[in-house]
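J.: Quick one: the structure is below, and I'll ask about it shortly.
Since every read-out is calculated from the coordinates, none of them should be taken as a lab result. In this text the structure is predicted, and so the values were computed from the model without any measurement. Using ideal geometry, Cβ is built from the backbone for each residue, glycine included, and neighbour counts are taken over all protein chains shown.
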Amino acid sequence: MGLLSVILIFVFGVSIWNASELRMAMNRSTRSYLNDVTTNLSRDIQEAIHNKMNSLIMVADSVMRMGIPENETSIRDFLARKAEILEFDPLILLDRKGDYVCSEEVSRDMDPERFFGISSVRSSFDGEVRAGYMGGESIFYSVPVYGMDGTVSGVLVGVRSKKNMQSMIASKSFNGQMLSCIVDSRGQVVISPSELKPFLRLDDIFRSDKEQKVVGDIRKMQDDMRMGKDGILEFSAVTGEELFLSYNSLDLNDWFLLTIIPAGIISGDANRYILQTFFIIGILIVIFFLFLNAMYRFYHSHRMQLERLAFVDSLTGGANQAAFGLRYRELAGSMKPGGYTIAVMDVRHFKMINERFGIHEGNQVLAYLYHVMERHMRAEDGEFVARSESDCFFLCLKGGGHQEIRDRMDDMVQDINSFCNPDLPGYTFSFRQGACVVEEPGLEIAILQDRARLASQSRNPDLESGCVFYDDSLTVELKMEEELNGLFQGSIENHDFQVYLQPKVGLESRALEGAEALVRWIHPKRGVIYPSNFIPLFERNGKICKLDIYVFTEVCRIISRWEEEGKEIIPVSVNLSRQHFTDEDFLDRFADIAGQYHIPAGMIEFELTESIFFDSHQIQRVRDAIQRMHELGFACSLDDFGSGFSSLGLLKEFDVDSIKMDRSFFLNMSGPKAREVIACLVDLAKRLKVKTVAEGIEDWDTVEYLKSIGCNMVQGYVFSKPLPADAFERLHISWTGSIECNINP
Ligand code: C2E
Ligand code: CA
Ligand code: CA
């Protein structure tokens with residue numbers, strides 16, 4: 001806009017300069033035009049005077065032949081005739097004796113005898129042809145009249161009246177607005193024009209000494225006139241009118257033709273056109289300005305709209321990812337290392353809300369979440385929040401203290417869950433929370449967001465709550481995870497995953513009553529990789545389902561081989577990740593595989609980790625799945641009981657065949673209460689006809705105690721670590737013969 005204004009001002013300036021140049025050029029051409037006109041006019045006048053003179057000379061010639069003054073009447077008649085034809089008023093014949101003959105009766109102020117006293121007339125008696133004037137009223141020509149003897153016998157005077165002369169000098173040009181008169185070199189008027197006023201003013205000019213320039217010009221004009229030179233001068237009249245004054249020598253006496261022309265006559269139209277042009281340019285500029293202004297407003301509002309579109313999340317009406325990045329960049333300039341934290345809050349199971357209540361309600365929930373979080377932002381500290389995509393919110397919080405940030409995020413979650421929605425009875429939101437303290441404010445916001453997100457995903461997403469902070473080890477972890485992810489498919493194909501079996505020993509029978517299949521990743525280059533290093537990763541990215549199928553298939557193969565080889569078949573349990581439950585018909589695949597290997601019913605048990613039973617969204621699915629497992633001939637056990645919530649209610653709610661008491665149960669067995677709890681649990685399970693398996697048992701005392709309270713089975717290092725299938729088989733064979741020695745070494 002500013003640049004355009006400069007351009008417009010420049011254009012305007014150039015137009016003004018151009019117009020003034022045009023004016024000057026016109027002035028010059030006016031002058032030269034005027035010069036042409038007045039030169040022609042003066043030439044015409046000269047010619048006319050010359051013609052009159054010649055005519056007079058011819059009349060004088062005729063008079064000479066008629067003789068003077070003997071034949072006075074005939075001469076008067078002759079003169080009267082000639083005067084009429086040649087437009088003299090009158091023609092007077094003077095003789096040396098002081099007599100005269102006049103062509104007509106004349107008024108009193110035109111006394112023919114006056115001519116005898118006029119010096120130019122007298123010089124005509126000496127043979128000269130002369131012209132003269134009388135008080136600006138008339139001019140006269142005097143020519144000698146020769147007698148028969150060749151001497152001047154008289155003088156013929158031809159008077160040209162003022163009227164006659166005026167019509168001669170009156171120009172037809174410029175609608176008569178041009179005024180001319182004849183003056184002598186001293187400025188004395190020889191013939192005044194019919195309209196005298198400008199010349200009266202001209203007299204003022206001749207006398208004036210007001211304006212320095214005019215005075216100089218006048219002086220030059222007077223000098224020119226004395227020297228018989230032509231010229232033009234420009235001056236302004238008292239009325240302010242610009243006038244040109246042209247002076248042209250008439251080559252007669254010291255007479256000059258003076259012509260006055262208003263400057264506007266010639267350049268008037270052009271001036272008007274220049275003004276019009278200015279006016280049009282002005283209007284165009286104004287229109288252009290208005291147009292630009294309208295364009296600017298349009299552009300501005302359009303930009304605002306685009307900005308709104310670009311930076312506003314239409315769903316929440318608040319900031320979006322782009323706005324978050326922009327505001328962060330603004331803030332980063334003044335940020336101290338460790339002064340701010342980028343945090344992420346990712347709603348868990350948001351899909352369920354959409355599924356249960358519909359997209360519209362889901363969107364309202366997101367808007368609600370955004371506004372609660374926004375309320376918690378301290379704008380004065382430069383804090384802000386944005387929804388980045390679907391159910392993921394990013395926050396930029398002041399401070400870098402882990403506990404402080406955790407507390408604030410907990411407050412937000414609490415505030416969010418303080419709502420009371422009749423459609424969502426008892427529903428509480430939980431979030432995956434991650435944060436990254438900004439140690440290098442110059443880092444790209446995308447990197448900081450990735451780190452916060454990475455931190456939020458670094459824990460088992462469904463188990464743990466609270467904010468996880470990013471540190472560099474997470475990056476190492478991430479790199480390792482990436483590597484493992486990359487290796488996964490190849491290892492499935494190469495059978496790098498091996499199934500290890502860990503015995504479950506019946507405490508009553510003291511027999512090897514079962515086994516748990518545990519996967520080991522034995523990579524040709526990386527060596528042995530333990531489940532804790534890859535199971536959580538594959539649970540997050542869904543690869544676990546493929547792995548579970550793989551393990552299940554291997555287990556089927558082992559059992560089928562045992563059958564083929566006539567070995568005793570014992571039930572083997574396989575771990576089933578909760579990820580399978582997202583697919584309603586997942587059991588069909590397992591059933592198909594088991595069918596392919598003709599696995600007898602009850603020989604495979606699925607272990608479902610305890611946490612899955614607390615997932616309120618999946619409860620029904622889990623219940624249905626357990627029922628289906630039974631229908632398909634699989635047993636089902638509740639794994640890791642006691643590692644988390646340990647609700648006894650689960651036993652009555654779910655139709656599981658056994659529970660596996662987690663290792664953590666037995667870590668502190670010294671107190672009587674702990675033992676009592678285990679005894680009660682075992683007792684309860686027995687009443688509900690649910691078998692009990694104690695897991696992770698490492699010492700004989702516990703084995704003895706468990707046996708004493710009626711626990712069914714023990715799985716633990718006390719008997720054996722997980723073993724490769726062939727080692728397990730060898731143990732199995734040896735076991736049958738020396739059970740006592742195993743249990744009671
Ligand atoms: P889990 O199902 O609870 O398996 C028992 C874990 O306890 C196994 O660890 C086992 O080696 C270990 N353990 C057994 N006896 C003792 C003992 O006396 N002392 C100690 N300290 N540990 C003992 P592992 O094999 O490392 O497996 C860890 C977890 O990985 C398993 O926990 C299970 O949740 C998961 N997992 C292993 N294989 C698979 C699989 O094929 N599929 C799925 N979904 N998860 C698996
Ligand atoms: Ca297990
Ligand atoms: Ca377990």
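J.: Using +1 at the C-beta of Lys and Arg and -1 at the C-beta of Asp and Glu, which of I558, I659, I9 has the Cα lying farthest in the positive direction of the dipole of the chain?
T.: My answer, from the dipole projection, is I9.
J.: Which whole-Hz ³J(HN,Hα) couplings does region 408-417 yield from phi under the Karplus relation 6.51 cos²θ - 1.76 cosθ + 1.60, θ = phi - 60°, glycine and proline marked x?
T.: 5, 5, 4, 4, 4, 4, 4, 4, 4, 7
J.: Also, quick follow-up: Could you tell me what percent of the DSSP beta bridges with both partners in region 321-470 are antiparallel, to the nearest 5?
T.: Looking only at bridges with both residues in region 321-470, the antiparallel portion is about 85 percent.
J.: Angle between the Cα long axis of helix 72-86 and the longest principal axis of the chain, 0 to 90 degrees, nearest 10?
T.: So the helix axis and the longest Cα principal axis differ by about 10 degrees.
J.: Mind checking region 633-695 for trypsin sites (Lys or Arg not before Pro) that DSSP puts in a loop (not H, G, I, E or B) and that have at most 10 other Cβ atoms within 10 Å?
T.: Values: sites: K652, K660, R663, K673, R675, K686, R687, K689, K691; in loops: K689.
Passing both the DSSP loop test and the Cβ count: K689.
J.: Projecting each Cα onto the charge dipole of region 247-357 (Lys/Arg +1, Asp/Glu -1 at the beta carbon, about the Cα centre), which of A294, A270, L315 comes out farthest on the positive side?
T.: Most positive-ward Cα: L315.
J.: Tell me what the chain gives for mean residue ellipticity at 222 nm when only DSSP H runs of n ≥ 4 count, each as -39,500 (n - 2.57), the sum divided by the residue total, rounded to 500 deg cm²/dmol.
T.: -16500 deg cm²/dmol
J.: Moving on to the next point. Identify the GluC sites (Glu not before Pro) of region 669-699 meeting these criteria: DSSP loop state and at most 10 other C-beta atoms within 10 Å of the C-beta.
T.: In loop regions of region 669-699 (DSSP not H, G, I, E or B), there are no sparsely surrounded GluC sites (Glu not before Pro).
J.: Can you compute the FRET efficiency between D583 and Q498 using 1/(1 + (r/R0)^6), with r the Cβ-Cβ distance and R0 = 30 Å? Round to the nearest 0.05.
T.: Given R0 = 30 Å and the Cβ-Cβ separation, E is 0.70.
J.: Just in region 433-506: which GluC sites (Glu not before Pro) are loop by DSSP and have at most 16 other Cβ atoms within 10 Å? The partial results should precede the final answer.
T.: Details: sites: E439, E444, E464, E477, E481, E482, E483, E493; in loops: E439, E444, E464.
In loop regions of region 433-506 (DSSP not H, G, I, E or B), the sparsely surrounded GluC sites (Glu not before Pro) are E439, E444, E464.
J.: Let me ask something else about it. Specify the inter-centroid distance of region 97-143 and region 275-352, based on alpha-carbon positions, in whole Å.
T.: Centre-to-centre (Cα) distance: 99 Å.
J.: Based on the Cβ-Cβ distance from E477 to N293, what FRET efficiency comes out when R0 is 41 Å, to the nearest 0.05?
T.: It comes out at approximately 0.10.
J.: PRE reach from E564 (point 7 Å along Cα→Cβ): which of region 574-600 fall under 17 Å by backbone N?
T.: Residues passing the 17 Å test: 593-600.
J.: Related question: How far, in degrees from 0 to 90, does helix 197-207 lean away from the longest principal axis of the Cα atoms of the chain, to the nearest 10?
T.: 90
J.: How far is helix 543-564 tilted, in degrees, relative to the longest principal axis of the Cα atoms in the chain, given as a value from 0 to 90 rounded to the nearest 10?
T.: Tilt relative to the chain: about 30 degrees.
J.: A further question follows. Let me check I've understood the local charge: for I659, count other residues with C-beta under 14 angstrom from its C-beta, Lys and Arg +1, Asp and Glu -1. What total comes out?
T.: Net local charge, I659 excluded: -4.
J.: Of the peptides 287-294, 701-708, how do they stack up when ordered by the mean number of other Cβ atoms within 10 Å, highest first?
T.: Those peptides, ordered most packed to least, come out 701-708, 287-294.
J.: Follow-up. Name the long-range amide H neighbours of S573: under 5 Å, sequence gap of 5 or more, or other chain; modelled H, no Pro or chain starts.
T.: HN-HN under 5 Å from S573: A515, E516, A517, E605.
J.: Okay, next question. Among W700, W562, which comes first, then next, by fewest other beta-carbon atoms within 10 Å?
T.: W700, W562
J.: Using alpha carbon centroids, what distance separates region 618-660 and region 425-451, in Å?
T.: What the calculation gives is 35 Å, centre to centre.
J.: Ranking S167, S42 by Cβ neighbours within 10 Å, fewest first, what do you get?
T.: The most exposed by this proxy come first: S167, S42.
J.: Take every DSSP beta bridge with both residues inside the chain and express the antiparallel ones as a percent of the total, to the nearest 5.
T.: So the antiparallel bridges amount to about 75 percent of the total.
J.: Calculate the dipole size of the chain relative to its Cα centre from +1 charges on Lys and Arg beta carbons and -1 charges on Asp and Glu beta carbons; express the result in debye to the nearest 20.
T.: On the way: 78 positive and 107 negative charges, 368 e Å.
With Lys and Arg at +1 and Asp and Glu at -1, about 1760 debye.
J.: Still on this structure, please answer the following. Hey, if you put +1 on the Cβ of every Lys and Arg and -1 on every Asp and Glu Cβ in the chain, which of G117, F350, Q502 ends up farthest toward the positive end of that dipole?
T.: G117
J.: Could I ask something else about it? Please report the spacing between the Cα centers of region 555-590 and region 354-403 in Å, no decimals.
T.: 44
J.: Calculated FRET efficiency, S664 and A310, Cβ-Cβ r, R0 45 Å, to nearest 0.05?
T.: E(calc), rounded to 0.05, equals 0.30.
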